[in-house]
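The structure appears below as structure tokens.
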Amino acid sequence: MSANAAGLSGVDTANRQRRRIAPPVIRGLLWAAIGFLVFNTLVSQVIDRQPYDPFVTRVSATVGWAAAVIGWLLGVGAWEVIVRPFFGHPVEWDIPNDWRRYFMFSTDHKVVGLQYIFTTTGSFLLAGLAAMMMRMELMNAKLWVFTNPGAYLTTVGIHGTVMMFSVGTVALVGGFANYFIPLMMGSNSSAYPRMSGLSHWLLPAGIATVFLSPLLGQWTTGWRAYAPLSGQDPSGIVFYYLGVFAMTTSSLLVAINLTATIIFNRAPGLTWNRLPMFGWGILAVSLLTIIWVPEIQMTFIISLLNLIVPFSLFEQTGSPLTYMESFWLFGHPEVYIIVVPAFALWQEIIPVMGQKTLFARQWGVLGLVFVMLFSGLVWAHHMFTNMRNSEMLPFSFFTEMISIPTGFSYLVVLGTLWGARLKFSTPTLFVLMSMFNFLIGGITGVLLADPVINLQTHDTFFVLSHFHYTVIGSMVFTWLAAAYYWLPKLSGRMYNETLGKLGAIWVFIAFNSAFGQMFFVGLRGMNRWVAVYPQYLQNMNFSISMFAFLLGLGFLFNFVHITWMWNKGKPVGQNPWNGKTLEWFGTPKPGIATFSPLPHVETGFYDYSENTPPTPSPPKRM
Amino acid sequence: MSSHNTYTKTSLRIGPLSERDLRKNRFGMSLYCISQAVPYFLLINIRFVIAGNFVPVGLNLWLGGIIPTVALLVGIIPLFTARAALQKDDIPRVRSHVMTAMLLGLIGLLSLLFPLWFHNFDALSPFGEIDLISLGVASFYTIIALIVAWGVYLRLGKGLIRKETGWGIEATIWVYAFNAIAWTALFFTLDLL
């Protein structure tokens, strides 16, 4: 009888595996439901009874939610992998090598990365559906889809919150970085695998909480959750704060894990000077996350306490401006948390597709680092309407200055493109489109840094279009570029090039047609946060909605194409793009150690000069 | 197909850490401390924005102030002596020192919780609100530190922590000391400055 690593006999292990037929998420859902029911009932019916005896109150929902999330995490596997071993019990957790491993706690960074990719894609589609409902409402100047403005604003809030905290912040970092950063570092594991496994399961908890928020009532604040406005709504905003807390905690754990992975899990010879550009991007964005996410979490906890104790810290006895300052201190770095990985991926994909040495690599790294540093100095441009002229100047200055390190990313890519024999593949196309889109978002960002324009266009569709160009235009397009680029590594299969290009052109035209028009409708007086607007704006809004629907279908087309090719695409070799970063040289399958033995890096990854072989050979191994 | 082929075992056995792994763990704890210091900075900042230097006359400086500060700061010492005892593999002594730290932490926790319920000033005032939130935050982190210490205490009892596998004690020192120092900074800026 053999004993496993945890000291259990083979018979014990076999019995345990036989018992577990359904994936543990079912148990997680059950424990979450029990946790909510028990603790909600305890608070609302015993400890803190309210007049008229409601079954769910703000306090009981908060306590019940905490119990539900703990039950969920324990149920999916934290009980066996974290809690019991923490108190001295052996680890009893075996992961089946089939589809079920994606529905349970895993310490394999490839499984965790795929779990994040699936969850993020699902939330993108759901939040996109909310956007389609909003655009349907705005096709008509009068209220016709939603029954009241509050329902429309709640939908806007859910859309923005889920897109920001479970797609924008997570897609490239939690998804692709969890999967590929350890591989790019030449490592078989992330630094803290248990923490990594835990981090993913907070994300669906947060997404579900935000989507379920209307059960507690409407909330009209949008993803910014402005106090004291949030205190005037019914209780849906309570689930906003709680859901965002879960999602941001997930991002914080990912950031700590990936930072340590990059610093400590590098293969021999992988010096700082040879670190892949995506590694630099993830390092920069992780440091931003580690500083700013706890800041917004504390702000939201105070706002939550304002609602449930209740306090009035940002209201009568305090100042609404304090909330705004606390929110935007995080809010603008958040934009760079979203786009810095995209900048890094441009510089990762283009040299491979051009088979040309990355131009001015050090300036590319400096650009990523200085964008990170400047991002904390620009936040107050969101509040020019609340400031004195003299206070605007430094923020206006730094907002314009941040375009300089951003420009480094452009110059590095343009220099690499110069004279390259570029392979015009779908990832290339998406990267170039992403660069174009961010250029529009960036130029309009410089315009908005100017107080005169900022004050005129405040809270109009001009601003809305600007930030959608920076978030969808750059991050989502780069996300798709990365999906096509790494699909052969993820699945061992190649996508259809014609369909890939069709999908890219489709979303590019639809995106620019929809959001390009939003600049103009904004300049003509279309305000944000309104379901009803003047009649003269209806034709333009109708046209925007048509292109928005086309955009939604375009994204769906790309996801269906990728999913289909994941299973049915043409089988392809380990390294179809002739990439030189380490992820192309390891075993791709989850559940199997990628590198055996560990690679030894002897050169940089972006050198395609003539004295190197045309087809890169695997890095020398020890 | 046998179960050995269809299942991957999650192997998280406690073993001696290499120097590199030890550095990695310390780095992770320092990132934890840096990130969790940010909420304290925010609380201090909001306190000065909202309430300036005002401290109400009825504030009890002992409960929710001096007592938890002293208890938590002194509680760090037995954890260090526990680590020293672990180097000699004197496990009963390590356990008794960890228990001492836990008792001091418990005193600190109770002293933080008491003024959350019983306070002599208006809770619905700029200072009152930020003070109560600070006490709540400190209580939360103290509970975390106590859970960490409790887990180590139980693992010590089961013989899972030895001289060669002593990271658990060091992790407890990180979490416990962070909480004690962060609370002390908050107390000084909130109640004394």
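Bear in mind that the values in this text are calculations on the coordinates, not laboratory data. Note that the coordinates shown come from a computational prediction; the quantities given were computed from them, not determined experimentally. In this analysis, Cβ positions are derived from the backbone assuming ideal geometry, glycine residues included, and neighbour counts consider all displayed protein chains.
Could you list, in their original order, any pairs among A:Lys110/B:Lys158; A:Lys356/A:Lys568; A:Lys423/A:Lys589; A:Lys423/A:Lys501; A:Lys501/A:Lys568 whose Cα atoms are separated by more than 23 Å?
Details: A:Lys110/B:Lys158 34 Å; A:Lys356/A:Lys568 32 Å; A:Lys423/A:Lys589 27 Å; A:Lys423/A:Lys501 13 Å; A:Lys501/A:Lys568 18 Å.
Exceeds cut-off: A:Lys110/B:Lys158; A:Lys356/A:Lys568; A:Lys423/A:Lys589.
The alpha carbons of the protein assembly as shown occupy a box of 70, 69, 49 Å along the principal axes, longest dimension given first. For chain B, the longest principal axis of the C-alpha atoms and the axis of helix B:91-117 are separated by about 30°. Is the shape of the stretch A:264-359 rounded, prolate or oblate, going by the alpha carbon gyration tensor and its root eigenvalues a ≥ b ≥ c, with a/c under 1.5 for rounded and a/b larger than b/c for prolate? Since a/c reaches 1.5 and a/b is larger than b/c, the shape of the stretch A:264-359 is classed as prolate. Two tests apply to each whole DSSP H helix in chain A, Cα reach of 27 Å or more along its axis and mean Kyte-Doolittle hydropathy of at least 0.5, and the ones passing both are A:109-138, A:193-211, A:236-264, A:277-308, A:320-354, A:426-449, A:497-523, A:538-568. For B:Asn60, the residues whose modelled amide H falls within less than 5 Å of its own, excluding neighbours fewer than 5 places apart on the same chain, are B:Asn120.
Here the stretch B:133-156 and the stretch A:340-417 have alpha carbon centers that stand 41 Å from each other. Counted over the stretch B:18-192 with a bin width of 10 Å, the fraction of Cα pairs per bin, in whole percents, is 10, 36, 30, 16, 7, 1. For A:Tyr495, no residue has an amide H sitting under 5 Å from its own, ignoring neighbours fewer than 5 places away on the same chain, with H placed 1.01 Å from N. Computed from point charges on the beta carbon alone (+1 for Lys and Arg, -1 for Asp and Glu), the dipole magnitude for the stretch A:29-131 about its Cα centre is near 180 Debye. Modelled spin labels at B:Lys163 and A:Trp272, positioned 7 Å past Cα toward Cβ, are 3.7 nm from each other.
Of interest is the spacing of the C-alpha centroids, which for the stretch A:107-165 and the stretch B:27-48 amounts to 32 Å. The chymotrypsin sites (Phe, Trp or Tyr not before Pro) of the stretch A:143-195 that meet both conditions, a loop assignment by DSSP and at most 14 other Cβ atoms within 10 Å of the site Cβ, are A:Trp144. Dipole of the stretch A:109-585 computed with +1 at Lys/Arg Cβ and -1 at Asp/Glu Cβ about the Cα centre; of A:Ala482, A:Asn496, A:Phe511, farthest Cα towards the positive end is A:Asn496.
Each of B:Gly159, A:Tyr469, B:Ala182 was scored by the projection of its Cα onto the charge dipole of the protein assembly as shown, and the greatest displacement toward the positive side belongs to B:Gly159; charges sit on the C-beta of Lys, Arg, Asp and Glu. Each of B:His97, B:His119, A:His600 was scored by other Cβ atoms within 10 Å of its Cβ. Arranged with the fewest first, they read A:His600, B:His119, B:His97. Given +1 at the Cβ of Lys and Arg, -1 at the Cβ of Asp and Glu and no other charges, the dipole of the protein assembly as shown around its Cα centre is 2460 debye to the nearest 20.
Among A:Asn140, A:Ala67, A:Trp93, which residue has its Cα furthest toward the positive end of the charge dipole of the stretch A:48-150, with +1 on Lys/Arg Cβ and -1 on Asp/Glu Cβ? Result: A:Asn140, furthest along the dipole toward the positive end. Annotation: amide H of A:Ser190 within the under-5 Å range of A:His109, sequence separation 5 or more or interchain, hydrogens built in the peptide plane.
Applying the criteria of a DSSP loop state and at most 13 other Cβ atoms within 10 Å to the chymotrypsin sites (Phe, Trp or Tyr not before Pro) of the stretch B:8-85 yields B:Phe54. With a simple spin-label model that places each label point 7 Å from the Cα along the Cα-to-Cβ direction, the separation between A:Lys568 and B:Leu22 comes to 5.7 nm. What you get for the stretch B:18-192, charging only the Cβ of Lys and Arg (+1) and of Asp and Glu (-1), is a dipole of about 800 debye around the Cα centre.
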